[in-house]
Amino acid sequence: SYSFIASSFAIVQAGAIPVFCDVTEDHTIDPAMIEGLISPRTKGIVVVHLYGVIADMGPILSIAKKHNLKVIEDCAQCFGGEYNGIKSGLIGDVGCFSFCQSKHFTTGGEGGMVVTNDEELGWECRSFRDHGYDVRKRMSMLALEEKLPYIHTRVGFNYRLTEIQSIIGINELKRFDSWNLARRLEYAAMYDNAFTGFKGIYKLPVNTAERKNSYWWYPIIIDLDVLDCKADVILRDLMAEKIPCYGIQWPEAYEENAYKNLRGFGTVQFPFKSTEYTNPETVDYSKSHCPVAHKLRFETVCLFLHPSWEKVHIERCIEGMKTVLHKHYK
């Protein structure tokens, strides 16, 4: 449930019904909650590596294998993360990445990428992003149109990157490990050193040898037992200190009006209210409840660590966070 709406809308746009799962305090899907949500109609598990935190993939992959399900990784906020030495996006069956303006790097404002080790699925993706064009012919569209009158083998969309976007992305990739990710890891270590064991902080983002974080943001769970306020007040006071910060991002997607009101496509609100597809009585998001995601809404403060920053900016954020926490000790 805890992700930007695009993660679940992609399921709806494919004509399927999303079922929302709770998270752990790591901000990622709780493997212990997955099996209880699986039904005979379940086709896959979407795992969101939120804030750069790699989910606990071992148990998830075991569950998927047991139930013959696909695993789709949403890596929009986790370019460069690793699980047991395997890069994010290559752990499951498919990895999806975003290159919009706010991500680890951008391809000129918007963009994205799909990766897979499944060759057949790779061809399907190439065709799907190009109006269903028969990409297996390995010919330009103009050359293929000269040879054949009909060249589209499936329904598709125009999801192609422009050449300029591609050039930007290729060059960002060249410096990602040496500059972008290296700086994020360096700045995260500064935050770790400053905040580990600090009064008022309950939990820092997961980063272990098994689950290597790529630090899109730096989410901190504050300790409400020793503070006199919740995250919204901490954020307000951080902004007053001129510290860039943000709260939790979309903890309970089922609270969106699109799901509350079952607003799908067309006059039948497909797929939510299509009687030939599903029983409308079984689609009721008012019954969804993810208590950990709900709780994190009031306890999470995110700091930034953009690679274009210098150490002085991180030091200023550390100073500001400590000042605000001191102010709110009980």
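The values are calculated or read from the model by the stated rules, or taken from the named source; none is laboratory data. Because the structure is predicted, anything quoted here is derived from the model rather than measured. Using ideal geometry, Cβ is built from the backbone for each residue, glycine included, and neighbour counts are taken over all protein chains shown.
Quick check on segment 59-75. Is at least one of its residues assigned to a loop (DSSP other than H, G, I, E, B) and under 17 Å from the mean Cα position of the chain (by Cα)?
From segment 59-75, those assigned to a loop (DSSP other than H, G, I, E, B) are 68-69, 75; that's our starting set.
Imposing the further condition that a residue be under 17 Å from the mean Cα position of the chain (by Cα) reduces the set to 75.
Yes: one or more hits.
Across segment 116-160, the qualifying residues are those that are of a type in the set (Val, Ile, Thr) and under 30 Å from Lys87 (Cβ atoms), and the one among them that is nearest to the chain's Cα centre (by Cα) is Thr116. Could you go through segment 298-311 and let me know if any residue there is over 28 Å from Leu181 (Cβ atoms), part of a helix (DSSP H, G or I) and more than 20 Å from the chain's Cα centre (by Cα). Checked against the condition, which is being over 28 Å from Leu181 (Cβ atoms), part of a helix (DSSP H, G or I) and more than 20 Å from the chain's Cα centre (by Cα), segment 298-311 yields no hits at all. Scan segment 150-171 and give yes if some residue there is surrounded by 18 or more Cβ atoms within 10 Å (Cβ to Cβ), among the hydrophobic types (A, V, I, L, M, F, W, C) and closer than 29 Å to Glu310 by Cβ, otherwise no. Yes, that holds for at least one residue.
Being part of a helix (DSSP H, G or I) and loosely packed, with under 14 Cβ neighbours inside 10 Å is the filter here; which residues of segment 190-203 pass it? Before the answer, list the steps.
Applying the first criterion (part of a helix (DSSP H, G or I)) to segment 190-203 yields 190-195.
Residues satisfying the conditions are Asp192, Asn193.
Close Cβ contacts (under 8 Å, 6 or more residues apart or on different chains) running from residues in segment 86-113 that are basic (Lys, Arg) to residues that are part of a loop (DSSP other than H, G, I, E, B) and surrounded by 18 or more Cβ atoms within 10 Å (Cβ to Cβ) comprise Lys87/Gly80; Lys87/Gly81; Lys103/Ala76; Lys103/Gln77; Lys103/Phe79; Lys103/Trp216. Here Gly132 passes the criteria (1) of a type in the set (Gly, Ala, Ser); (2) buried (at least 18 other Cβ atoms within 10 Å of the Cβ); (3) out of contact with any Asp or Glu (no Cβ under 8 Å at 6 or more places or on another chain) except the one numbered (2).
Inspect segment 287-296 for any residue being farther than 30 Å from Leu181 by Cβ, in contact with a helix residue (DSSP H, G or I) (Cβ under 6 Å, 6 or more places away or on another chain) and modelled with pLDDT under 95 and give the result as yes or no. Yes, segment 287-296 contains at least one residue that is farther than 30 Å from Leu181 by Cβ, in contact with a helix residue (DSSP H, G or I) (Cβ under 6 Å, 6 or more places away or on another chain) and modelled with pLDDT under 95.
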